[in-house]
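Following: one structure in structure tokens, then a few remarks.
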Amino acid sequence: MNRSAMLIAFLLVLVGGGCQRRSQPPASDDKTGQKVDELSRKIDELKAILAELKQGRQGAEQECRNWLNANFIPGKTTLTDVESLMGNKYLNLDRPDRDDVLTVQFSLDDVAGRKIILDFTRLQKSESSPIDGIFNAKNDPRVLEKGFEFGFQICGFCPHILVDADGWRLDGKMLAGAIGERRESVDTLVLPRAHARQGKVQVKLANWAPEIEILDQVELGVVAAQPGEQLDFDGNGGAYLWRENQTIPCSAPKTRGGRDYWRLKLASGQGSAVLVLELRNTEMFQDTAKQSYLRDEEPQADLIVEGLNNIAIKPIGTKFFRRVVIPVSAGVSEIRLSSPAGMWWVRRAWEGSGKSASMCWVSPSQNNSAAAALQNRDGRRLRLMPHEETEMSFCLPHDQKQNNNLKLALRLCGYYEFLQTP
């Protein structure tokens, strides 16, 4: 085997996993050899840091953060780069196509239950990777969109919602922050991948956390849309059908006085306009919420839409994006948002034309005891224990069974209780 073939064989072995010690390639002065040496050094560094993190050594978390910040660079690092350093044993969080994001989760298996959450764009090309050229990383369209975040155990809490779309697909989680009976709430989630088979829609409620999920009612929302229309909800659960007119640039916020501020420019004079925000909460919110809940207090983390009666958008949780509709009066040319610093990632925004939508809400077919318990808000609650799941079947209204342009959503009432301190 000649030298070039030996190097190629070595690289193929290297791609197969991360955080493992590799034998060194033949000595070489070329750039590829130098990059392989650099990659091997980075893998050894990460392996040592993770070993100390798993042992709970003081200061190991900050060392880990420093290493990740230096090597996982938004706009440059690709998923191929990350796999070369950490391997490919990660969880794909299976985000819907309309989110246009690949969100993955690496488990560190340390004493704090940390997970690394990474969001990759599906379209953008990388500028320049720290280990560019070794694995054709510059041709990988899956580019890191935002800096890494740590997810802790509380990050996975809340009922998870799956829909049957040629296999079970994770559309999101619900009831963020509904901890304890006094915080029982109603939440609504758009189901972009759900579709009917023979007039029925299948939904699964799953408890994947160390908690008891106590649910009182579940309903499927159905509305007929025109081609090109999308369904989303305002902060109070009101439904809107809307059509995109333009994408609004959504840059990083300006921070002053402990608050983040965004300014979104609109086309003035538009009638029947809506602003639609795509957003989620961050690791900083997660830390703040945890401390607040331990004191039995509410986290102060609302996103305020200033100037429009100071509309307050309540936290929606980490990892999964939601879209929130804000009605805009004619003549408004700018929207200002603010929140406590670091609590929100406002990823994208659109200005569109839209109108309030009248949803038809249907209860699940009573084909099991769980569905029977969730027919009405009557205190007859379903209790989902850890690792329990239950399937629901919803029959579409008779006059909508042949409609191929239905938009669907789920409305859930309930709360949850921790089995252990998060």
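Anything in region 363-373 that is loosely packed, with under 13 Cβ neighbours inside 10 Å and of a type in the set (A, V, I, L, M)? List them, or say none. Even if it seems obvious, please write down each step before you answer.
Filtering region 363-373 down to residues loosely packed, with under 13 Cβ neighbours inside 10 Å leaves 367, 369.
Once the filter is applied, which keeps residues that are loosely packed, with under 13 Cβ neighbours inside 10 Å and of a type in the set (A, V, I, L, M), region 363-373 yields nothing.
Would you confirm, using the coordinates I've provided, whether D216 is in contact with a Cys (Cβ under 7 Å, 6 or more places away or on another chain), touching a residue at least 24 places away in the same chain (Cβ under 8 Å), crowded, with 19+ Cβ neighbours inside 10 Å and charged (D, E, K, R)? Yes; evaluated as a whole, the condition is true for this residue. Where strands (runs of 3 or more DSSP E) fall entirely within region 187-256, none has at least 1 residues that are among the small types (G, A, S) and at pLDDT below 95.
Determine whether region 346-362 contains at least one residue that is in contact with a helix residue (DSSP H, G or I) (Cβ under 7 Å, 6 or more places away or on another chain), surrounded by fewer than 22 Cβ atoms within 10 Å (Cβ to Cβ) and more than 30 Å from E149 (Cα to Cα). Even if it seems obvious, please write down each step before you answer.
Filtering region 346-362 for residues in contact with a helix residue (DSSP H, G or I) (Cβ under 7 Å, 6 or more places away or on another chain) gives none.
No, that holds for no residue.
Please work out if N376 is loosely packed, with under 13 Cβ neighbours inside 10 Å, touching a residue at least 24 places away in the same chain (Cβ under 8 Å) and either farther than 17 Å from L191 by Cα or among the aliphatic types (A, V, I, L, M) (or both).
On the way: loosely packed, with under 13 Cβ neighbours inside 10 Å: yes; touching a residue at least 24 places away in the same chain (Cβ under 8 Å): yes; either farther than 17 Å from L191 by Cα or among the aliphatic types (A, V, I, L, M) (or both): yes.
It is true that N376 is loosely packed, with under 13 Cβ neighbours inside 10 Å, touching a residue at least 24 places away in the same chain (Cβ under 8 Å) and either farther than 17 Å from L191 by Cα or among the aliphatic types (A, V, I, L, M) (or both).
Of all residues in region 393-420, those being more than 15 Å from H195 (Cβ to Cβ) and either among the basic types (K, R) or touching a helix residue (DSSP H, G or I) at 6+ places or on another chain (Cβ under 7 Å) (or both) number 2. Within region 43-54, residues that are assigned to a helix (DSSP H, G or I) sit with their Cβ atoms under 9 Å from residues that are exposed (fewer than 14 other Cβ atoms within 10 Å of the Cβ) and among the hydrophobic types (A, V, I, L, M, F, W, C), at 6+ positions apart or across chains, in these pairs: L53/V111; L53/A112; K54/V111.
Has region 79-95 got any residue that is of a type in the set (D, E, K, R), under 22 Å from the mean Cα position of the chain (by Cα), under 19 Å from E283 (Cα atoms) and part of a helix (DSSP H, G or I)? Looking through region 79-95, none of the residues is of a type in the set (D, E, K, R), under 22 Å from the mean Cα position of the chain (by Cα), under 19 Å from E283 (Cα atoms) and part of a helix (DSSP H, G or I). The residues in region 175-206 that are small (G, A, S) and under 14 Å from K314 (Cα atoms) can be counted, and the count is 4.
The values are calculated or read from the model by the stated rules, or taken from the named source; none is laboratory data. Nothing here was measured: the structure is a model prediction, and the numbers come from that model. Backbone-built Cβ (ideal geometry, glycine too); neighbour counts: all protein chains shown.
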